[in-house]
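The values are calculated or read from the model by the stated rules, or taken from the named source; none is laboratory data. Since the structure is predicted, the reported quantities are computational estimates derived from the model, not experimental observations. Cβ placement follows ideal geometry from the backbone for every residue including glycine, while neighbour counts extend to all protein chains displayed.
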Amino acid sequence: MRQIVAVALFAVALSAFGHGGEDHGAPPPPVSQGVAPRALAATEEFEVVAALEGKQLVVYVDRFASNEPVVKAKVEIEGAGLNGLAVEAAPGTYVMDIAAAMPPAKHALTISIEAGDTADLLTATLDTLLPVVADEHVHNWGERVVWSLAALLLVSGALLIVRRNRKKAKGI
């Protein structure tokens, strides 16, 4: 009986080893297709996040030091076929309508901000390329053969041990 338990424990221990150089850690979180393309930029005065949401470019402007929204600022955007002023929709949120859809590419943007007596020029890259989704791992026939042979070997070993123990018990 001890040998059967030993073989079973050995088989369980063997299954803990990785194979094929694969990482068996937690799977990565799925890529969300609902995230809008974004551009980030920061200077000593301002921090900007620009997001493409449908037919609008939404620009969030905050003070870099305090993360406080910048209100009543003049926000001008140039690049990627855009040239004009963004209108304040909420405190620190500025919106610019886009006439035509942006093609998938990396678009360089220049964002000019004037708030009170402070002015700054920021550059950012708006990436409208679709995110690449990794293919899921597919088990091929080679893996199935290896696992089948391992199971066959385990069952054969267990049967041989049982057979040997029965012969010992009968005194043969």
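Set side by side, the residues VAL58, VAL71 differ, and just one is β-branched (Val, Ile, Thr), assigned by TED's automatic domain parsing to the domain that holds THR123 and more than 16 Å from LEU122 (Cβ to Cβ), which is VAL71.
When we screen SER112, SER66 for residues that are in a loop (DSSP other than H, G, I, E, B), of a type in the set (Gly, Ala, Ser) and modelled with pLDDT of 90 or more, the only hit is SER66. Summed over segment 137-172, the residues that are more than 19 Å from GLN3 (Cβ to Cβ) and polar (S, T, N, Q) give a count of 2. Within segment 82-103, the residues that satisfy the criterion of being surrounded by 11 or more Cβ atoms within 10 Å (Cβ to Cβ), in contact (Cβ under 8 Å) with a residue 24 or more places away in the chain and either among the hydroxyl-bearing types (Ser, Thr, Tyr) or part of a loop (DSSP other than H, G, I, E, B) (or both) are GLY92, THR93, TYR94, ILE98, MET102.
Would you confirm, using the coordinates I've provided, whether VAL49 is over 24 Å from the mean Cα position of the chain (by Cα), of a type in the set (A, V, I, L, M), modelled with pLDDT of 80 or more and over 30 Å from ASN140 (Cα atoms)? So VAL49 does not fit the description; no.
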